[in-house]
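See structure below.
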Protein chains: 4
Amino acid sequence: MSDLVTITGVVGSDPRHNVTATGLPITNFRLASTRRFFDRATGAWTDGETNWYTVSSFRQLALNTARSLRKGERVVVHGRLRIRAWETGERSGTAIEIDADAIGHDLSWGVAVYSKTSGARL
Amino acid sequence: MSDLVTITGVVGSDPRHNVTATGLPITNFRLASTRRFFDRATGAWTDGETNWYTVSSFRQLALNTARSLRKGERVVVHGRLRIRAWETGERSGTAIEIDADAIGHDLSWGVAVYSKTSGARL
Amino acid sequence: MSDLVTITGVVGSDPRHNVTATGLPITNFRLASTRRFFDRATGAWTDGETNWYTVSSFRQLALNTARSLRKGERVVVHGRLRIRAWETGERSGTAIEIDADAIGHDLSWGVAVYSKTSGARL
Amino acid sequence: MSDLVTITGVVGSDPRHNVTATGLPITNFRLASTRRFFDRATGAWTDGETNWYTVSSFRQLALNTARSLRKGERVVVHGRLRIRAWETGERSGTAIEIDADAIGHDLSWGVAVYSKTSGARL
């Protein structure tokens, strides 16, 4: 029903910012989430498989994401999963998107200086 | 079993940083999460009740949180719920804690400049 | 903001069913969630601390929960956290509630025979 | 990192049960999750888009799922997302899987009679 997820991972591409014909700001980026697990055989934490997502943000979140995020940075993303079939000419596939409610730099891996922007979120 | 939550809210107190006798860095702060809901009667988004949490972070996340967060900032926090009964002399109560896995400034409300710190998370 | 959680645990009390003066069906029960973790020292899975919640359900979910759940059964519960201060005369405390969106018997621990009931959920 | 989701939806296919060459019980089924949203224009709750998942369960959960679930039933599923690229001869695509930790019939839509099975989960 709600299909909400929280993903921590690495920004895989510089954010792309657009404004729709109706004036809606949109920012997209790719997000890679690699599972870490404790390998009992080796007694060490190890990288597992990687999930790739396309994160979409809108309005004030889109504006601030475009100004704040760069490829390679660590983030935490909370939002709604959307699984979409796509087709362009002869090619088709499945896109796994997250419509973001919140995006932040992950302070597990770095420090951040934050400045409030004007404008409410909703 | 896992009791994982993701909370977006306002930092309610400046973070308090400590180092345990065994050398473990810990940073705590209060987090207020106010529900927003669409009031069909008035046709407007409205504030609902507020949940208060105590967020705890450890190791590199504790160090970076102490350096990055200030009271009044908007954050997104992902972690494990812990409900603890406490007693100090004549008083007793229940604490609702979140052992944080990830903390970030919420880009829905501001912009951030991020710098990686050395040291892996695990 | 949304404060949604999913908890797997044991039903700690037989559900209590009521109907409010306005005709709203409500069913409550206690839920105990015990963390399991892999103890590297012993090389075995071990019980950790236990979180206790009060789960509340409404409407059709309340009616079906009252008919289906018994103390001691394993369940999975998805819903919204509510942290409430309470006071009755000289005593006061904090209640941690879950307003349930979905409740089901956990098939990790048993089998179930299911029968649809009439009536939509919303 | 953890990529955990909770999905409520409709079982889209009768579960398929297998045992691997190494003796591991596996049960798979398709799950359809349709978003419900409040349409302010019409003032009514409406169906939105549908996400399709393949749910995988293992060990005791696999055995109990195969015995308990039927196509068309409402369930709540909690587990880990896995996004996998696949290729069989000339065709390729993306599979969105959930490795289930817990599966239960959703009591919002029906009643259930539950019987514990022997055998621990881990």
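Positive end of the charge dipole of chain A (Lys, Arg +1 and Asp, Glu -1 on Cβ, about the Cα centre): tell me which of A:Thr117, A:Thr94, A:Thr65 has its Cα farthest that way.
In chain A, that residue is A:Thr117.
Under 5 Å between amide H atoms, partner at least 5 residues away or on a different chain: which partners does A:Asp101 have, H built in plane at 1.01 Å?
A:His78, A:Gly79, A:Arg80
Starting from the Cα of A:Ser92, step 7 Å along the direction of its Cβ; do the same at D:Trp52; then give the gap between the two resulting points in nm.
In this crude label model, A:Ser92 to D:Trp52 measures out at 1.0 nm.
Express the Stokes-Einstein translational diffusion coefficient of the protein assembly as shown in µm² s⁻¹, to the nearest whole number, given a Kirkwood radius over alpha-carbon pairs, 20 °C and a viscosity of 1.002 mPa s.
90 µm²/s
Evaluate the relative contact order of the range B:7-64 (contact order divided by residue number), counting alpha-carbon pairs under 8 angstrom at least 6 apart; express in whole percent.
Value for the range B:7-64: 34 percent.
In whole Hz, with x marking every Gly and Pro, tabulate ³J(HN,Hα) for the range C:103-109 from phi via Karplus 6.51 cos²θ - 1.76 cosθ + 1.60, θ = phi - 60°.
So the Karplus estimates, Gly and Pro as x, are 9, x, 5, 7, 6, 5, 10 Hz.
Which value, in Å³ per residue, describes the convex hull spanned by the Cα atoms of the range D:27-87?
Value for the range D:27-87: 134 Å³ per residue.
Every other copy gets compared here: list the nm distances from the D:Thr34 label point (7 Å along Cα to Cβ) to its counterparts, shortest first, one decimal.
Spacings between copies for this position, smallest first, are 3.7, 4.1, 4.1 nm.
In whole Å, largest first, what are the principal axis extents of the Cα atoms in chain A?
56, 46, 29
Would you mind checking the tilt of helix D:59-68 against the longest principal axis of the Cα atoms of chain D, expressed as 0 to 90 degrees and rounded to 10?
60 degrees
What is the extension gain from C:Ala32 to C:Ala85, computed as 0.36 nm multiplied by their sequence separation minus the C-alpha to C-alpha distance, in nm to one decimal?
Answer, rounded to one decimal: 17.1 nm.
Would you mind working out the magnitude of the charge dipole of chain D relative to its Cα centre, with +1 at each Lys and Arg C-beta and -1 at each Asp and Glu C-beta, to the nearest 20 Debye?
Charge dipole of chain D: 340 debye, to the nearest 20.
Give me the lysines in straight-line cross-link reach of B:Lys71: C-alpha distance below 23 Å, same-chain residues under 8 apart excluded.
Partners within reach: A:Lys116, B:Lys116.
What dipole magnitude, in Debye to the nearest 20, does the range A:18-88 give about its Cα centre under +1 on Lys/Arg Cβ and -1 on Asp/Glu Cβ?
Dipole about the Cα centre, nearest 20: 220 debye.
Between the alpha-carbon centers of the range A:36-90 and the range D:45-86, tell me the distance in whole angstrom.
Answer, in whole Å: 22.
Explain nothing, just compute: Karplus ³J(HN,Hα) = 6.51 cos²θ - 1.76 cosθ + 1.60, θ = phi - 60°, for every residue of the range D:21-28 in order, whole Hz, x for Gly and Pro.
Each residue's phi maps through the Karplus curve to give 4, 8, x, 7, x, 10, 10, 10 Hz.
What ³J(HN,Hα) values, in whole Hz, does the Karplus curve 6.51 cos²θ - 1.76 cosθ + 1.60 give for the range B:85-95 when θ = phi - 60°, with x put for Gly and Pro?
7, 10, 8, 10, x, 8, 9, 8, x, 10, 10
Could you list which residues have their amide H under 5 Å from that of C:Thr117, counting only those 5 or more apart in sequence or on another chain, with H placed in the peptide plane?
Placed amide hydrogens put D:Gly110, D:Val111 under 5 Å from C:Thr117.
Residues with beta-carbon under 9 Å from that of A:Lys116, excluding A:Lys116: net charge, scoring Lys, Arg +1 and Asp, Glu -1?
Local net charge: 0.
Closest approach to the A-B rotation axis by any Cβ of A: residue and distance in angstrom?
Value returned for chain A: A:Gly104, 1.
Write down the radius of gyration of the range B:56-110 and its Dmax, each obtained from C-alpha positions, in Å.
Final numbers for Rg and Dmax: 14.0, 43 Å.
What's the longest bit of chain D with no exposed trypsin sites (Lys or Arg not before Pro), using DSSP loop states and at most 15 other Cβ atoms within 10 Å as the test?
The longest such stretch corresponds to D:72-122.
If every alpha-carbon in the range D:1-60 counts as one equal scatterer, what log10 I(q)/I(0) does Debye give at q = 0.25, 0.29 1/Å?
Log10 I(q)/I(0), no solvent term: -1.03, -1.13.
Could you give, in nm with one decimal, how far C:Gly72 is from each other copy of that position, shortest first, with labels 7 Å out from Cα toward Cβ?
Its label point is 3.4, 5.7, 6.0 nm from the equivalent points in the other copies.
Suppose a student asked you for the relative contact order of chain B, using Cα pairs under 8 Å spaced at least 6 residues apart; what percent would you report?
Value for chain B: 27 percent.
Each reported figure results from applying straightforward, stated rules to the coordinates on display, with no laboratory input. What you are looking at is a predicted structure, and each value in this text was computed from that prediction instead of being measured. Cβ sites come from the backbone with ideal geometry, for glycine too, and all protein chains shown count toward neighbours.
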